[in-house]
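A.B. asks: The structure follows.
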Amino acid sequence: MHAFQRLPTSFATQTHTPQPIASPHRNPSNALQNRKDTVGWSRRQRRVYIEMATKIDKEACREAYNLVRDDGTDVNWVTFKYEGSTIVPGHHGADYEEFIRQCTDDIRLFGFVRFTTGDAMSKRVKFALITWIGESVSGLQRAKTGTDKTLVKEVVQNFAKEFVISDHKELDEDYIKSELKKAGGANYDAQAE
């Protein structure tokens, strides 16, 4: 076929209208309806694909998130954990050491933590989003955690800095606070006398 040869008119008049791909998080029954990569899949394969898609309980997670943001509560941290393929609120508490105990080597979780920084003259509250991925977590789950974090960020929207941590040493409170100070810009702490 030469470069200047005309295509058949039936081919030239065909148009392709792209169809939006439904999000499996919003309507799982229609999620695969327009997916080209699932053509030829059995019903079981499609069902497994839908079941594997991570969802989030937005109402419950937003309630837990607001507990940490509320100055009237003593809740300083909350975890969001996996319950099957759904992200739900886990534990919450006042002491950061309790949060660290939640971060074991065999799990992955998201933590929203309140830190108070500053000095006697000026106290400031900073929030951190911590993604914990334990050392024993499989490669597939590690990879999914990165994409699942976008679901958590739909709820947890206000934080000074985000951390992805697999090593307990990086959970050190002083380390996190120093990173939050750096992220906060100007440092107005009182100078040493």
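A.B. asks: Length gain on complete extension for the stretch Ser42 to Thr150, per 0.36 nm per residue less the alpha carbon to alpha carbon distance?
C.D. replies: Gain in length upon complete extension: 36.0 nm.
A.B. asks: Gly118's amide H: which non-local residues (gap 5+, or another chain) put their own amide H closer than 5 Å, with H modeled 1.01 Å from N in plane and none for Pro or chain starts?
C.D. replies: Under 5 Å from the amide H of Gly118 lie the amide H atoms of Arg124, each far enough along the sequence or on another chain.
A.B. asks: Continuing with the same structure: Between Lys55 and Leu140, what is the spin-label point distance in nm, taking each point 7 Å from the Cα along the Cα→C-beta axis?
C.D. replies: Going from the Lys55 label point to the Leu140 one covers 2.1 nm.
A.B. asks: Once label points are set 7 Å from the Cα along Cα→Cβ at both Asp167 and Ala183, what is their separation, rounded to one decimal in nm?
C.D. replies: Label-label distance for Asp167 and Ala183, simple model: 1.9 nm.
A.B. asks: Now for a separate question. Among the aspartates and glutamates, which have Cα under 16 Å from the Cα of Lys55 when same-chain residues fewer than 8 positions away are ignored?
C.D. replies: Partners within reach: Glu83, Asp148, Glu154.
A.B. asks: Residue by residue through the stretch 77-89, what is 3J(HN,Hα) from phi via Karplus (6.51 cos²θ - 1.76 cosθ + 1.60, θ = phi - 60°)? Round to whole Hz and write x for glycine and proline.
C.D. replies: 7, 9, 10, 10, 10, 8, 10, x, 10, 10, 8, 10, x
A.B. asks: Rounded to the nearest 5, what % of DSSP beta bridges with both residues in the stretch 55-183 are antiparallel?
C.D. replies: Of all bridge pairs located within the stretch 55-183, approximately 75 percent are antiparallel.
A.B. asks: Shifting gears a bit: For Lys177, list the lysines whose Cα falls under 26 Å from its own Cα; do not include residues on the same chain fewer than 8 positions away.
C.D. replies: Here the lysines satisfying the reach criterion relative to Lys177 are Lys81, Lys123, Lys126, Lys149, Lys153, Lys161, Lys169.
Laboratory data are not the source of any read-out in this text; all were calculated from the coordinates shown. In this text the structure is predicted, and so the values were computed from the model without any measurement. Cβ atoms come from the backbone with ideal geometry, glycine included; neighbour counts cover every protein chain shown.
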